[in-house]
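Okay, structure first, notes after.
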Amino acid sequence: MASISLSGVTKRFGPVTAVDDLQLDVQDGEFFVLLGPSGAGKTTTLRLVAGIERPDEGRVLMNGEDITDMPPAQRDCAFVFQQYSLYPHLTVFDNIAFPLRSPMRRTPPAEIKQRVERVAQTLHIENKLHRKATALSGGEMQRVAIGRALVREPRVFLMDEPLSSLDAQLREELRVELKRLQRQSGATVLYVTHDQVEATTLADRIAILEHGRIQQVGTPLQVYEDPQSLHVAQRLGAPAINVLPAEWFEGSGPPRATHVAIRPEDVAVGAGNGPSHFDVIECSLVKHLVVAERSGVEVRAHTRMDQALHPGAPVRLSFPPDRCLFFDASGQRLPV
Ligand SMILES: Nc1ncnc2c1ncn2[C@@H]1O[C@H](COP(=O)(O)OP(=O)(O)O)[C@@H](O)[C@H]1O
Ligand SMILES: [Mg+2]
């Protein structure tokens, strides 16, 4: 396996800067996730690592070796594309076996059979091995595409939203399976997604990507608990972090704060009326979630409840100052 580094990498397409002075270090054996919305530069980053794109500026390193000018085939990356790309005239077996039969590898047939069958079992397509790729559903085709990467032992796995075309149940199953496989094999994985649940469950470390720039890197918990900007704070967490008017906190936070944010699970919920009560809008016992409102501001609180609170009922919410995050007008986190 291998480590990967991008050093000052920039990639432009005409007037668009898809990747902007990117600094990234993925360690050997790490499951590293880039999380960002559509257009953030995720796919371009993977293509730069694979060698399908060449950077306008900066260097790409693998195990410390400069591979910026190395052709894709020599880099030995297994790429799972967002849009599955199978050989339609081949069977599922032959699609998965394809990389093992390349002239560079020449794997013995018995070993090919064993490895293809193992991967097919993992992906629950063992009974589809003799079908033509065209006779599969979209979800099955994507599993074959994942299988074609997993059957190899490359230096690095590059995965471009590989689960996004699957239905919810299969996505969850394969997510757990991918993580288990990576743990067992110690593979280096660079995985990109716009789905925060995928990102936080899979990642050893996560990078928040926006407009081709990395906003923050850390373990999922570090990024969740200690976001350096309001934008990053809003990227993780469902329901999203509450953003409250700074006037509610006058005297208790940094004077320059214009936004105060607090996670739903940190809001304290008490019964009853009072000068600073909120009105319940919605209450879900199953999800332990209260949505309440005061002066047009909605607040979500995640809490264990003994009984449902009725819409319109008053509820007292408080915001422990040590759980509040303070941000300036530009969205940068302020020290307390
Ligand atoms: N081959 C290309 N030609 C022109 N623009 C491109 C090309 N590839 C990507 N882009 C642009 O670069 C930006 C980043 O794209 P991409 O890396 O695909 O983002 P993501 O995968 O995060 O959705 C987008 O604005 C996209 O339109
Ligand atoms: Mg993409």
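The values are calculated or read from the model by the stated rules, or taken from the named source; none is laboratory data. On a predicted model such as this, the values are computed, not experimentally measured, just so you know. Here the Cβ is made from the backbone with ideal geometry for all residues, glycine too, and neighbour counts use every protein chain on show.
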Original post:
Here are ARG106, ARG115: which of them is in a helix (DSSP H, G or I) and either at positive phi or of a type in the set (Lys, Arg) (or both)?
Top reply: ARG115
Original post:
How many of the residues in the range 118-134 are surrounded by fewer than 11 Cβ atoms within 10 Å (Cβ to Cβ) and in a loop (DSSP other than H, G, I, E, B)?
Top reply: 1
**OP:** Would you be able to tell me the number of residues in the range 33-52 that are within 10 Å of ligand 2 (Cβ to nearest atom), more than 13 Å from the chain's Cα centre (by Cα) and either aliphatic (A, V, I, L, M) or at pLDDT below 95 (or both)?
**Re:** 1
Original post:
In the range 65-86, what residues are touching a strand residue (DSSP E or B) at 6+ places or on another chain (Cβ under 8 Å) and within 16 Å of ligand 1 (Cβ to nearest atom)?
Top reply: PHE79, VAL80, PHE81, GLN82
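Looking only at helices (runs of 4 or more DSSP H) that fall completely inside the range 155-240, which ones have 1 or more residues that are within 16 Å of ligand 2 (Cβ to nearest atom)? Working first, answer last.
Numbers: elements: 168-185, 196-202, 220-225, 230-235.
The qualifying helices (runs of 4 or more DSSP H) are 196-202.
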Original post:
Out of all the residues in the range 208-218, is one or more of a type in the set (A, V, I, L, M) and surrounded by fewer than 19 Cβ atoms within 10 Å (Cβ to Cβ)?
Top reply: yes
